[in-house]
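Below is one structure, written out as structure tokens; the observations come after it.
Bear in mind these aren't lab numbers, they're just calculated from the coordinates by the rules spelled out. Note that this is a predicted model, so its numbers are computed, not measured. A quick note on method: Cβ atoms are made from the backbone with ideal geometry, for glycine too, and the neighbour counts reach across all protein chains shown.
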Amino acid sequence: MKRRDFPLHLAGIGLALGTVGARAQGGPVEGRDYVKLGTPAAVGPLPAGKKVEVVEFFWYECPHCHAFDPLLDSWVKKLPADVAFRRVPVGFTARHVAAQKMFYALENMGALEGLHKKIFAAIHNQGARLVSESDIVAFVKANGVDCDKFTEQFRSFQVATQSTKAKQLTDAYKIDGVPALGIQGRFYTSGALAGSHERALAVTEFLIQRARA
């Protein structure tokens, strides 16, 4: 979903991403299937043994991110041992920042893994509105998270710093829509660029090889 389309989405109009049809045979093409950054973005620090970083930029309320998540999850489980993967929630608007702070607060508490898919399901399958601190606190409490500790994290300097760094990375990659994939601070691709979510992952694999070289 493009940054400029968020007001339409929030008004209930929405725009379908779809796919742009089958691409011609051959390898990925710069400027069509992926973008090479003019100025590299920050990478890491990477865990021991990891050489290439892949970042997913996403937003919990984005329907395309919701549709992409199961496919991405299966793909991540098969990544080579030298590839590090992490998610970065975007902070385009105040509404995005609320979800961003929820992500980092849960991550810092060690509760994100158990709730990541539940957040997507609550919003897209159950119609939950997680757009304010009170909404979010009520949701995490209902899912077994200590709401006092969560609120402390949600309002903490640590989470504010993590959100700032997430925005800086989003800007460095020049991300204007989600979901998108950043590779080693040098390239990014997306379903909108590559033609489909599946092909975006294939392009990412190609770019991982380029990053290794």
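Farthest toward the positive end of the dipole of segment 49-212, out of Thr93, Pro80, Ser190, is the Cα of Pro80, where the dipole comes from beta carbon charges about the Cα centre.
Near the amide H of Ala180, within less than 5 Å, lie the amide hydrogens of Phe57, all on another chain or at least 5 residues away, with H placed in the peptide plane. Counted over the chain with a bin width of 10 Å, the fraction of Cα pairs per bin, in whole percents, is 8, 34, 37, 18, 3, 0. The lysine pair tally for segment 49-212, using Cα distances under 24 Å and a gap of 8 or more places or different chains, is 29. Between Pro40, Thr204, Ala160, the Cα set farthest toward the positive side of the dipole of the chain (charges on each charged residue's Cβ, about the Cα centre) is that of Pro40. The Cys residues in the chain with no partner Cys Cβ within less than 4.7 Å of their Cβ are Cys147. Working from label points 7 Å from Cα in the Cα-to-Cβ sense, the Glu198 to Arg210 distance is 2.3 nm. Remark: the chain carries a charge dipole of roughly 440 debye about the Cα centre, counting +1 on each Lys and Arg Cβ and -1 on each Asp and Glu Cβ. Projected label points at Arg86 and Lys149, each 7 Å from Cα along the beta carbon direction, are separated by 2.2 nanometres.
DSSP loop (so not H, G, I, E, B), at most 13 other Cβ within 10 Å: list which trypsin sites (Lys or Arg not before Pro) in segment 90-120 pass both filters. Can you show the working numbers first?
Numbers: sites: Arg95, Lys101, Lys117, Lys118; in loops: none.
Of the trypsin sites (Lys or Arg not before Pro), not one in the loops of segment 90-120 has a Cβ with at most 13 other Cβ atoms within 10 Å.
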